[in-house]
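Working notes, beginning with the structure itself.
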Amino acid sequence: MPKVTYIESNGTEHTVDVAEGENVMRGALYNGIPGIEGECGGACSCATCHVYIAPAWWEKVGAPENEAETELLEGAAAPVKAESRLSCQIEVTSQLDGLVVHMPETQY
């Protein structure tokens with residue numbers, strides 16, 4: 001099972017197994033990791049699962065693939081950066097084993 005490391009805004013790290021085919025947001029929610037809210041349940045209709053992709057992983061994860069994600073990121077509570085993504089839109093695959101995401105200070 002691929003491992004994903006979630007880093008809180010205060011630097012606390014959580015590394016957990018996330019099933020292939022699941023998304024990064026649910027990986028955090030299922031494992032009780034603070035910092036990702038996922039208010040819409042992964043329907044890509046809010047921005048409460050905003051994360052920053054670690055630079056070493058950007059090429060594998062890539063930019064948003066749909067206009068909805070791009071538009072929602074514009075309304076995110078925390079500053080949007082070039083490496084911003086909605087974690088509900090990142091499907092976990094074996095190629096993402098070891099993925100590192102940083103969570104913003106706030107989702108609201």
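The values are calculated or read from the model by the stated rules, or taken from the named source; none is laboratory data. Everything numeric here is computed off the predicted structure, so don't read it as measured data. Quick reminder, even Gly has a Cβ in these numbers, built from the backbone with ideal geometry, and neighbours come from all protein chains shown.
Enumerate the pairs (first residue in segment 88-108 and in contact (Cβ under 8 Å) with a residue 40 or more places away in the chain and of a type in the set (A, V, I, L, M); second residue anywhere and in a loop (DSSP other than H, G, I, E, B) and exposed (fewer than 14 other Cβ atoms within 10 Å of the Cβ)) with beta-carbon separation below 8 Å, excluding pairs fewer than 6 apart on the same chain, so at least 6 apart or on different chains.
Listed by first residue and then by second, the contacts come to V92/A19; V92/E20; V92/G21.
If I filter segment 66-81 for residues that are at pLDDT 95 or above, charged (D, E, K, R) and in contact with a Phe, Trp or Tyr (Cβ under 9 Å, 6 or more places away or on another chain), do I get at least one hit?
Yes, that holds for at least one residue.
Give me the residue from segment 1-16 that is part of a strand (DSSP E or B) and without any contact (Cβ under 8 Å) to a residue 60 or more places away in the chain and, out of that set, surrounded by the fewest Cβ atoms within 10 Å (Cβ to Cβ).
Among them, the one singled out is E13.
If you take the residues in segment 17-48 that are in contact with a strand residue (DSSP E or B) (Cβ under 7 Å, 6 or more places away or on another chain), of a type outside the set (D, E) and closer than 15 Å to S94 by Cα, which one is surrounded by the fewest Cβ atoms within 10 Å (Cβ to Cβ)?
Selected residue: G21.
Within segment 84-107, can you find the residues that are among the charged types (D, E, K, R) and touching an Asp or Glu at 6+ places or on another chain (Cβ under 7 Å)? Give the derivation first.
The first filter runs over segment 84-107 and keeps only residues among the charged types (D, E, K, R), leaving 85, 91, 97, 105.
None - no residue of segment 84-107 is among the charged types (D, E, K, R) and touching an Asp or Glu at 6+ places or on another chain (Cβ under 7 Å), so the list stays empty.
Starting from residues that are β-branched (V, I, T) and closer than 15 Å to L96 by Cα, keep the ones in segment 52-73 and report whichever is surrounded by the fewest Cβ atoms within 10 Å (Cβ to Cβ). Explain how you work it out, then say what you get.
Within segment 52-73, the subset β-branched (V, I, T) is 53, 61, 70.
Narrowing the set further to residues that are closer than 15 Å to L96 by Cα leaves 53, 61.
Values: I53: 24, V61: 19.
Looking at residues that are β-branched (V, I, T) and closer than 15 Å to L96 by Cα, I get V61.
So how many residues does segment 28-81 have that are hydrophobic (A, V, I, L, M, F, W, C), over 17 Å from K3 (Cβ atoms) and in contact (Cβ under 8 Å) with a residue 40 or more places away in the chain?
Final tally of qualifying residues: 5.
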